[in-house]
Amino acid sequence: MKRQGVVHDTFTIERDYPFPPHKVFRAFADLETKKRWFRGPAEWRSDVPHTLDFRVGGTEHEEGGPPEGPVHTMDATYLDIVDNERIIYSYSMTLDGDPISVSLATVELHARGDGTHLALTEHSAHFETSNYDVSLAAASRLEGTAVLLDQLGRALTDAD
């Protein structure tokens, strides 16, 4: 498949959660907790289990998509972890096996009163393919990541 272009993007999303940093950190570190919020829309399906080896050098694999396709796959490697404070990971994404992006993401957690201020900063390179409109990629990734962080907040509230 011929790649026709690449778009670079950087964004930061911030959220405040009424839970202490250790609880927010656990939502990233524990697979069963993460599966409650790190997922696509309810109608998306996957035949492959979500895996998570949360340690420096560890990996994560998650895939799914609408029943009619395409399959969205995310493969991450954890580069730096400071318990209850910071997570840095790189990840690649594919659609039906075709590479569409690589990213470096940093999650920072700061105690704020009884809660946590989270800042997620992502640097990404999006590749244009026949299945992926690179002109929409940056806005779509920002929107999707914001939805995931909102789902994180709901998952924390539901578990409390």
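Points worth noting:
- Take every pair of alpha-carbon atoms less than 8 Å apart whose residues are at least six positions apart; their mean separation over the length of the chain yields a relative contact order of 29 percent.
- Other residues whose C-beta falls under 11 angstrom from the C-beta of P67 contribute a net charge of -1, scoring Lys and Arg +1 and Asp and Glu -1.
- Within the shell of other residues whose beta carbon sits under 14 angstrom from the beta carbon of G144, the net charge comes to -3, with Lys and Arg scored +1 and Asp and Glu -1.
- Charge dipole magnitude, Cβ of K and R +1, D and E -1 - the range 6-159, Cα centre, debye nearest 20: 480
- Among T10, T59, the ranking by other beta carbons within 10 Å of each residue's beta carbon, starting with the fewest, stands as T10, T59.
- Near Y78, once Lys and Arg are set to +1 and Asp and Glu to -1 for all other residues with Cβ below 12 Å from its Cβ, the sum equals -2.
Where a number appears in this text, it was derived from the coordinates with a stated rule and is not lab data. Everything numeric here is computed off the predicted structure, so don't read it as measured data. Every residue, glycine as well, gets a Cβ built from its backbone with ideal geometry; the counts of neighbours run over all protein chains shown.
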